[in-house]
1. How do the strands (runs of 3 or more DSSP E) wholly within the stretch 46-86 filter down when requiring 1 or more residues that are touching a residue at least 12 places away in the same chain (Cβ under 8 Å) and open to solvent by less than 40 Å² (accessible area, probe 1.4 Å): which remain?
2. Suppose we filter the stretch 66-118 for residues that are among the aromatic types (Phe, Trp, Tyr) and more than 12 Å from the chain's Cα centre (by Cα); how many remain?
3. Looking at Gln107 and the list (1) polar (S, T, N, Q); (2) more than 23 Å from Leu10 (Cβ to Cβ); (3) buried (at least 18 other Cβ atoms within 10 Å of the Cβ), which single condition is not satisfied?
4. Check the stretch 24-43 and report whether any residue there is over 16 Å from Ser6 (Cβ atoms), without any contact (Cβ under 8 Å) to a residue 24 or more places away in the chain and among the hydrophobic types (A, V, I, L, M, F, W, C).
Amino acid sequence: VQLQASGGGLVQAGGSLRLSCAASGRTNLSNGMGWFRQAPGKEREFVAAISWSGGSTYLADSVKGRFTISRDNVKSTVYLQMNSLKPEDTAVYYCAARQSLAASWVQNEYDYWGQGTLVTVSS
């Protein structure tokens with residue numbers, strides 16, 4: 001499974017971005033998917049996760065009410081809609097897939113990782 005994240009960039013505080021994660025290879029995206037992020041000098045942390053069906057989602061407390069995770073299994077793509085962005089959202093965002101249909105907020109339960117896309121939020 002190969003994961004390609006895109007959609008990062010520079011945005012002002014209060015702005016929006018939508019990240020995409022396209023899966024290819026030996027998958028029809030029958031996987032729980034997640035987004036994680038790593039800010040400079042910090043450990044990677046959980047952001048959002050979604051089950052294969054899309055019926056179950058998890059969001060980190062820090063992004064609830066601002067971020068939304070969704071997926072299109074026909075396109076084998078997962079999205080992270082980020083609204084009301086704050087400078088503290090600045091990080092490299094990684095998408096990940098796990099060999100389970102369920103969503104999870106636990107990093108080591110993910111088996112495949114994308115290369116990351118940089119989001120920079122200016123104040």
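The values are calculated or read from the model by the stated rules, or taken from the named source; none is laboratory data. Because the structure is a prediction, the values reported are computed rather than measured. All Cβ positions, glycine included, derive from the backbone under ideal geometry; neighbour counts span all protein chains shown. Side chains are part of the model used for accessible areas, which takes the heavy atoms of the whole protein and leaves out ligands, DNA and RNA. Shrake-Rupley method; radii C 1.70, N 1.55, O 1.52, S 1.80 Å.
1. In the stretch 46-86, 67-72, 77-82 are the strands (runs of 3 or more DSSP E) which contain 1 or more residues that are touching a residue at least 12 places away in the same chain (Cβ under 8 Å) and open to solvent by less than 40 Å² (accessible area, probe 1.4 Å).
2. Going through the stretch 66-118, the residues among the aromatic types (Phe, Trp, Tyr) turn out to be 67, 79, 93-94, 105, 110, 112-113.
Those still in the list that are more than 12 Å from the chain's Cα centre (by Cα) too: 110, 112.
Result for the stretch 66-118: 2.
3. The number of the failed condition is (3).
4. no
Results for (1) open to solvent by less than 40 Å² (accessible area, probe 1.4 Å); (2) touching a Lys or Arg at 6+ places or on another chain (Cβ under 9 Å), shown as yes or no for each residue.
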residue	(1), (2)
Leu3	yes, no
Gln12	no, no
Asn31	yes, yes
Arg44	no, yes
